[in-house]
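What follows is one structure encoded as structure tokens, with my remarks underneath.
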Amino acid sequence: MKITKVTPILVEENRTYTFVKIDTDAGHYGLGEAGLGRRAQAQAAVLRDFSPDLIGQDPFRIEHLWQTMFRGGFFPGGVVQSAAVSAIDMALWDIKAKALGVPVYELLGGLCRERVVCYPHVGGADTDALIANCRSKVEAGWRFVRWGLSDPAGEEEVFEPHRAVADGIDRVRAVRETFGDDLQICVDVHTRLDPPSAIEFSRGVEPYRPYFIEDPLRSENPQSLRLLRQQSSVPLAVGEQFDSKWAFREALENDLMDYCRLDVCIVGGLTEARKIAGWCETHYVPLAPHNPLGPVCTAASLHLCLATPLHGVQELSREPGQILPDVFPRQVPFADGHLLPPEVPGLGVEIDEEAAARHAPSGAREGPARGRYRREDGSFTNW
């Protein structure tokens, strides 16, 4: 069996998704997804650039092809290249599993669990709205909730840490007091705090026992997490911006994370993710995969979590079937806040290319980025 075609597929919904379809001369095809929502055109360009190196190759040689893509240039490729490699890699796993007639998790070692607990995205303009949204999730069977730290002033794209921290502490307290200890609370800081503000927030929510705080600080200097760990016992979930096992090395070896937030669509696909998962096992760090993307990312993350001994929780921004249902008429199964093992061969996701074409971005460039925050004095603070 040989690879015959590598096709980037850009799909517009509430964001621009970057998928890849890899065809073979045996009739099997695989799907992958790249993880940078605001770099879709760049990811597609890298996918096209890799195409001549892949056509004619044996898709079963997944590790060999991964190494060829990763090491094939003199300069390290960075996160855009890693995202493209991720998409190609998961498509190769999809092809291999389909050809062998098994779900991908069987190739990763088989089931370690029968279902994967997930957390949804909740939010609200104020605390009452947040509690109402949490209640609807609890009534639907979810055991976890997650929301992002925000500035309650309500002015668009303004983020003042002192207001966000005070409001964030109040929200965690209110949700804990309303729902008790049975509901697990996760708060995503989105790397928008500096160490003093992150310490204040962590200390403030510590009495209410959140499951974890996600990405409290920017990722460029993992050692900054050491100061935070010295000041608070709240568990830290880190890693969604890391693009290789080497990026995880410092945080893991120095015990700077409690949950591993790897993203299979950024870190190098399932090939690299399973290596990181093994490394996490040696440090007793459960996985909590980053998964705010489309149906292919959800499926690949699910297969990884099903076959991984240490698993905490998987992010699930929207339930399967709620994102691009016409483009992906088959998605992975879900019930009561849990993703379930697909029984069909491959990742368990199928694409309708005609529907995808109807969702193609209208222009050659993506629109202006949203969600770039500034302080009240006009200075840029973070994405």
Please enumerate the residues belonging to the stretch 78-122 that are within 19 Å of Pro8 (Cβ to Cβ) and either part of a loop (DSSP other than H, G, I, E, B) or hydroxyl-bearing (Ser, Thr, Tyr) (or both). Ser82, Ser86
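Considering only the stretch 329-356, state which residues are assigned to a helix (DSSP H, G or I) and of a type in the set (A, V, I, L, M, F, W, C).
Answer for the stretch 329-356, where residues must be assigned to a helix (DSSP H, G or I) and of a type in the set (A, V, I, L, M, F, W, C): Ala355, Ala356.
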Can you find a residue that is in contact with a Lys or Arg (Cβ under 8 Å, 6 or more places away or on another chain), in a loop (DSSP other than H, G, I, E, B), in contact (Cβ under 8 Å) with a residue 24 or more places away in the chain and not hydrophobic (A, V, I, L, M, F, W, C) anywhere in the stretch 281-289? yes
Would you confirm whether or not the stretch 270-281 contains a residue that is within 21 Å of Val85 (Cα to Cα), basic (Lys, Arg) and either surrounded by fewer than 22 Cβ atoms within 10 Å (Cβ to Cβ) or out of contact with any strand residue (DSSP E or B) (no Cβ under 9 Å at 6 or more places or on another chain) (or both)? yes
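Glu214 - would you say it is modelled with pLDDT of 95 or more and under 24 Å from the mean Cα position of the chain (by Cα)? Working first, answer last.
Numbers: modelled with pLDDT of 95 or more: yes; under 24 Å from the mean Cα position of the chain (by Cα): yes.
The answer is yes for Glu214.
Please verify whether Arg135 is at negative phi, among the basic types (Lys, Arg) and part of a loop (DSSP other than H, G, I, E, B), treating the condition exactly as stated.
Values: at negative phi: yes; among the basic types (Lys, Arg): yes; part of a loop (DSSP other than H, G, I, E, B): no.
No.
Looking at the stretch 293-328 only, could you name the residues that are over 22 Å from Gly30 (Cβ atoms) and assigned to a loop (DSSP other than H, G, I, E, B)? Write out each step before concluding.
Filtering the stretch 293-328 for residues over 22 Å from Gly30 (Cβ atoms) gives 309-313, 315-319, 322.
Residues satisfying the conditions are Pro309, Leu310, Gly312, Val313, Leu316, Ser317, Arg318, Glu319, Gln322.
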Criterion violated by Gln230 - all others in (1) in contact (Cβ under 8 Å) with a residue 24 or more places away in the chain; (2) over 29 Å from Pro325 (Cα atoms) satisfied: (1)
Residues of the stretch 107-120 being out of contact with any strand residue (DSSP E or B) (no Cβ under 6 Å at 6 or more places or on another chain) and either of a type in the set (S, T, N, Q) or in contact (Cβ under 8 Å) with a residue 40 or more places away in the chain (or both), in sequence order, are Leu108, Gly109, Gly110, Leu111, Cys112, Arg113, Glu114, Pro120
If Leu302 satisfies all but one of (1) under 25 Å from His338 (Cα atoms); (2) without any contact (Cβ under 8 Å) to a residue 24 or more places away in the chain, what's the number of the condition it fails? (2)
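Residues are listed down the side, and each one gets a yes or a no for (1) of a type in the set (Asp, Glu); (2) modelled with pLDDT under 95; (3) over 24 Å from the mean Cα position of the chain (by Cα):
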site	(1), (2), (3)
Pro103	no, no, no
Val116	no, no, no
Gly124	no, yes, no
Ala129	no, no, yes
Gly141	no, no, no
Asp167	yes, no, yes
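When you look at Ala129, is it of a type in the set (A, V, I, L, M, F, W, C), surrounded by 12 or more Cβ atoms within 10 Å (Cβ to Cβ) and not in a loop (DSSP other than H, G, I, E, B), yes or no? Explain how you work it out, then say what you get.
Numbers: of a type in the set (A, V, I, L, M, F, W, C): yes; surrounded by 12 or more Cβ atoms within 10 Å (Cβ to Cβ): yes; not in a loop (DSSP other than H, G, I, E, B): yes.
The answer is yes for Ala129.
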Test: residue in the stretch 306-316 that is among the hydroxyl-bearing types (Ser, Thr, Tyr) and in contact with a Phe, Trp or Tyr (Cβ under 8 Å, 6 or more places away or on another chain): no
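The values are calculated or read from the model by the stated rules, or taken from the named source; none is laboratory data. Keep in mind that this is a model prediction, so the values were computed, not measured. Neighbour counts run over all protein chains shown; Cβ positions are idealised from the backbone, glycine included.
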